[in-house]
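**Student:** What follows is a single structure, and I will ask about it in a moment.
The values are calculated or read from the model by the stated rules, or taken from the named source; none is laboratory data. Keep in mind it's a predicted model, so treat the numbers as computed, not measured. Here Cβ is always computed from backbone atoms with ideal geometry, including for glycine, and neighbour counts include all displayed protein chains. The protein model used for the area step is the full one, side chains on, heavy atoms only, and it has no ligands, DNA or RNA in it. Shrake-Rupley method; radii C 1.70, N 1.55, O 1.52, S 1.80 Å.
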Amino acid sequence: MNYEQAKKRAEEWYKEHLKRIELCKKVSDKVAAALPEDWNIDIEDISFHLSIWKGSIRSKKEVDSGEFKLVCKLIERAFPNLKLERYAYVNDDGRLVFLKAYDYLREESGSIEIEVIIYNPKLMPNCKIEWKTETVRRAVVSDECLGIGGK
């Protein structure tokens, strides 16, 4: 039985997890005071990411999308080695559902994902949404390869 080894690993993971939570707090402390009104910050302690968000996916109330740009710039200024990757989710009706930006902050104490999300963003004046059809090539693996089919 490897009880002692498992216990030692758990203690090491615990210490590592605490370091990552502290890193989340460090980021939060740097940006929280400068966030626009009604923005929220959550530390997710399973996969260690810091979520900074505004609005609700269930609400129909539009949120100023200019704030998304402001919050992203705020974070990138606070952590110059961070370059948030931005994308948008648009439903089939052409309505912008949310904007999201994320990156991984890596420091000696560990790494965390930082994400910024704004739900139901109001389109900025020059914002255009176009649909583009792309061809995707993907591998389809037989059941035999996966050990499912056959004899």
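**Student:** Could you list, in their original order, any pairs among K61/K83; K30/K54; K25/K61; K69/K122 whose Cα atoms are separated by more than 22 Å?
**Tutor:** The pairs that break the limit, which is 22 Å between Cα atoms, are K61/K83; K25/K61.
**Student:** Ordered by residue, what ³J(HN,Hα) values in Hz, to whole numbers, does the stretch 84-95 give under the Karplus form 6.51 cos²θ - 1.76 cosθ + 1.60, where θ = phi - 60° and Gly and Pro are x?
**Tutor:** For the stretch 84-95, the Karplus curve yields 5, 8, 10, 8, 10, 10, 10, 7, 5, 7, x, 8 Hz.
**Student:** Around K26, under 11 Å between beta carbons, what's the net of Lys plus Arg minus Asp minus Glu among the other residues?
**Tutor:** Value of the local net charge: +1.
**Student:** Moving on. Calculate the spin-label point distance for V141 paired with N81, positioning each point 7 Å from the Cα along the beta-carbon direction, and give it in nanometres.
**Tutor:** The modelled label-to-label distance comes out at 3.4 nm.
**Student:** OK, next. Can you give the calculated 222 nm mean residue ellipticity of the chain, where each DSSP H run of n ≥ 4 adds -39,500 (n - 2.57) and the sum is split over every residue, rounded to the nearest 500 deg cm²/dmol?
**Tutor:** -10000 deg cm²/dmol
**Student:** Sticking with this one: Please give me, ordered by residue number, the trypsin sites (Lys or Arg not before Pro) of the stretch 1-87 that lie in loop per DSSP and have at most 12 other Cβ atoms within 10 Å.
**Tutor:** Counting only loop positions with at most 12 other Cβ atoms within 10 Å, the trypsin sites (Lys or Arg not before Pro) in the stretch 1-87 are R58, K60, K61, K83.
**Student:** Hey, any idea what % of the chain's accessible area is carbon plus sulfur with a 1.4 Å probe?
**Tutor:** 51 percent
**Student:** Above 23 Å lies some portion of the pair distances; for the stretch 1-127, what is it as a whole percent of all C-alpha pairs?
**Tutor:** Across the stretch 1-127, Cα pairs with separations above 23 Å total 40 percent.
**Student:** For the chain, which span is the longest to avoid every loop-located (per DSSP) member of GluC sites (Glu not before Pro) having at most 14 other Cβ atoms inside 10 Å?
**Tutor:** Here the longest segment lacking exposed loop sites spans 63-107.
**Student:** Given a 1.4 Å probe, how much area per residue of the chain is accessible, in Å²?
**Tutor:** 75 Å²
**Student:** Taking the Cβ-Cβ separation of A33 and E107 as r and a Förster radius of 35 Å, what is the calculated FRET efficiency to the nearest 0.05?
**Tutor:** 0.95
**Student:** Between the alpha-carbon centers of the stretch 21-58 and the stretch 83-102, tell me the distance in whole angstrom.
**Tutor:** About 18 Å separates the Cα centre of the stretch 21-58 from the one of the stretch 83-102.
**Student:** Under 19 Å between alpha carbons, and skipping anything fewer than 8 positions from K8 in its own chain: which lysines qualify?
**Tutor:** The reachable lysines, counting only those whose Cα sits under 19 Å from K8, are K19.
**Student:** Right, something else. First measure r as the distance between the Cβ atoms of D42 and K128, then evaluate 1/(1 + (r/R0)^6) with R0 = 35 Å and state the FRET efficiency to the nearest 0.05.
**Tutor:** My answer for the efficiency is 0.65.
**Student:** Counting pairs of alpha carbon atoms under 8 Å apart in space and at least six apart in sequence, what relative contact order in percent does the stretch 1-51 give?
**Tutor:** After rounding, I find 31 percent.
**Student:** Treating the beta-carbon of each Lys and Arg as +1 and of each Asp and Glu as -1, no other charges, what is the dipole magnitude of the stretch 1-128 about its Cα centre, to the nearest 20 debye?
**Tutor:** 260 debye
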